[in-house]
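Trainee: For reference, the structure I am asking about is given below.
The values are calculated or read from the model by the stated rules, or taken from the named source; none is laboratory data. Everything numeric here is computed off the predicted structure, so don't read it as measured data. As a convention, Cβ positions derive from the backbone with ideal geometry for all residues, glycine included, and neighbour counts pool all protein chains shown.
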Amino acid sequence: MSHAKSLALFVAQTPFQLFVVHELAAHPNYAGREKVLLTDVKVPGCGLDGSIWDELVQLEPPQAARGPLKRFQNAHRAVRALLAGRYKRESALIAANLEHPLSNASYAHLRRFPGFQLHVYPEGLANLVPTRWTPKRVINQAGKWVLTRLVGAPFTVVGADLTGSRFAERIYTYAPELIPAPFRGRAVALSHTAQLPPVEPGVLVLGQDLDRFLPNERAERELVSLLMFARERAAGRRLYKPHHHEAPWGRKLARSLGFEIIESPCPVELWLRSQPVSHLVSFGSSALVHVRMMYGDRVEALAYKPRVLQAVPGTSPARMKEILTVFEQVGVCVAEGIPGDIGYNETPGG
């Protein structure tokens, strides 16, 4: 392999990110570059083509590492090995979330390269509504900064916006018109070329990892409410796709309420291309926005009680208001409770 080419290092740490980088690798912007994929995600059976990469570095999934500090250690070790001998080359890092260990370690090393550029791509809603400083987020970044230095794998603080858009020369997005005004001049539109087969009646509920941010009792109560709303909303199949960080009890709860569990590792944006259903429901998953932008009116997308996501660090009431505005702009309907409940209100998007 010739090392004369400039380097394009793509980093993916979720199934959706892996889906997007495969789309980006074919972009004319990377023609003639050495394209390297660094990932700790495995999504067998998703139809993603490994032959498009000049080099593919596949690490063990995060679950194999004992704790977050070990993940940062593994990331720095992998990046140092990958970049050995490449330090005199122009480079671009294509990443979605600079806080993820692999992206953060890649950024820390690559930004010392000559002619380095950062290109960011969709990390869900953070691409359209940047995260902001909140007390939880300050504590989170400060803790990472201190603890990772104790183990020799230093975390690079990226600021309030976890995508790193303020440092980026190029920002890929499915909706350039929705990118915050200060960043819009660097936006690069991603195409909406995918077609869906005939849509079948049914509802697909997307789980979210609320148990990471809320007490289990509250998280369980919210999930029951979400599933009951989805049961009332649509006829046909009742499907539940757990979040990849979600606790196992979410599956059991959904199954007890009559939902078929979809264990596919593929992101829902890709899964729907083979098994489309008429309704997609979640608290506020970014997939609601992606599906509307990719597939339009073919799938009805509903956000149920999205304000529960204010428990997530970086999601202030002001940011939540902006997220609800994006939902409205792309046609995601918002429901604040199940029909008959006090406070139920549905706002049609679009």
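Trainee: Consider region 158-187. How many of its residues are more than 17 Å from the chain's Cα centre (by Cα), under 20 Å from Arg292 (Cβ atoms) and part of a strand (DSSP E or B)?
Mentor: Count: 1.
Trainee: Residue check: is Arg238 closer than 17 Å to Ile262 by Cα, touching a Lys or Arg at 6+ places or on another chain (Cβ under 9 Å), without any contact (Cβ under 8 Å) to a residue 60 or more places away in the chain and in a helix (DSSP H, G or I)?
Mentor: In short, no.
Trainee: Given the options Arg255, Arg218, name the one that is over 29 Å from Pro130 (Cα atoms) and over 22 Å from the mean Cα position of the chain (by Cα).
Mentor: Criteria check complete, one pass: Arg255.
Trainee: Something else about it: Say we look at region 126-138 and pick out the residues that are not in a helix (DSSP H, G or I) and not β-branched (Val, Ile, Thr); which of these is surrounded by the fewest Cβ atoms within 10 Å (Cβ to Cβ)?
Mentor: Result: Trp133.
Trainee: Got a sec? Which of Leu239, Leu210 is outside the structural domain of Gln17 (by TED's automatic domain parsing), at pLDDT 95 or above and buried (at least 19 other Cβ atoms within 10 Å of the Cβ)?
Mentor: Unique residue meeting the criteria: Leu239.
Trainee: Considering only residues of region 213-227 that are in contact with a helix residue (DSSP H, G or I) (Cβ under 9 Å, 6 or more places away or on another chain) and surrounded by fewer than 16 Cβ atoms within 10 Å (Cβ to Cβ), which is nearest to Ala254 (Cα to Cα)?
Mentor: Among those that are in contact with a helix residue (DSSP H, G or I) (Cβ under 9 Å, 6 or more places away or on another chain) and surrounded by fewer than 16 Cβ atoms within 10 Å (Cβ to Cβ), it is Val224.
Trainee: Can you tell me which residues in region 1-53 are out of contact with any Ser or Thr (no Cβ under 6 Å at 6 or more places or on another chain) and among the charged types (D, E, K, R)?
Mentor: Scanning region 1-53 gives Lys5, Glu23, Glu34, Lys35, Asp40, Lys42, Asp49.
Trainee: For region 151-165, which positions are without any contact (Cβ under 8 Å) to a residue 60 or more places away in the chain and either among the hydrophobic types (A, V, I, L, M, F, W, C) or surrounded by fewer than 16 Cβ atoms within 10 Å (Cβ to Cβ) (or both)?
Mentor: Correct list: Val157 only.
Trainee: When you look at Pro122, is it within 30 Å of Ala234 (Cα to Cα) and of a type outside the set (A, V, I, L, M), yes or no?
Mentor: yes
Trainee: Further, regarding this structure: Look through region 241-282, keep the residues that are of a type in the set (Asp, Glu) and outside any loop (DSSP other than H, G, I, E, B), and return whichever of them is nearest to Met294 (Cα to Cα).
Mentor: Glu269
Trainee: Okay, next question. Suppose we filter region 62-76 for residues that are surrounded by 13 or more Cβ atoms within 10 Å (Cβ to Cβ) and modelled with pLDDT under 90; how many remain?
Mentor: 3
Here is a yes/no grid of residues against (1) surrounded by fewer than 21 Cβ atoms within 10 Å (Cβ to Cβ); (2) under 30 Å from Val330 (Cα atoms):
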residue	(1), (2)
Leu59	yes, no
Gly85	yes, no
Ala95	no, yes
Ser103	no, yes
Pro114	yes, no
Gly124	yes, yes
Asn140	yes, no
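Trainee: Can you pull out the residues in region 320-329 that are crowded, with 21+ Cβ neighbours inside 10 Å and at pLDDT below 95?
Mentor: Across region 320-329, the qualifying residue is only Ile323.
Trainee: To continue, here is another question. State whether the residues of region 73-92 include one that is hydrophobic (A, V, I, L, M, F, W, C) and closer than 18 Å to Ile171 by Cα.
Mentor: Within region 73-92, one or more residues are hydrophobic (A, V, I, L, M, F, W, C) and closer than 18 Å to Ile171 by Cα.
Trainee: What are the pairs, 6+ residues apart or on separate chains, where a residue within region 130-145 that is farther than 24 Å from Arg184 by Cβ has its Cβ under 9 Å from a residue that is assigned to a helix (DSSP H, G or I) and not hydrophobic (A, V, I, L, M, F, W, C)?
Mentor: Filtered contacts from region 130-145: Thr134/Arg319; Lys144/Pro68; Lys144/Asn104.
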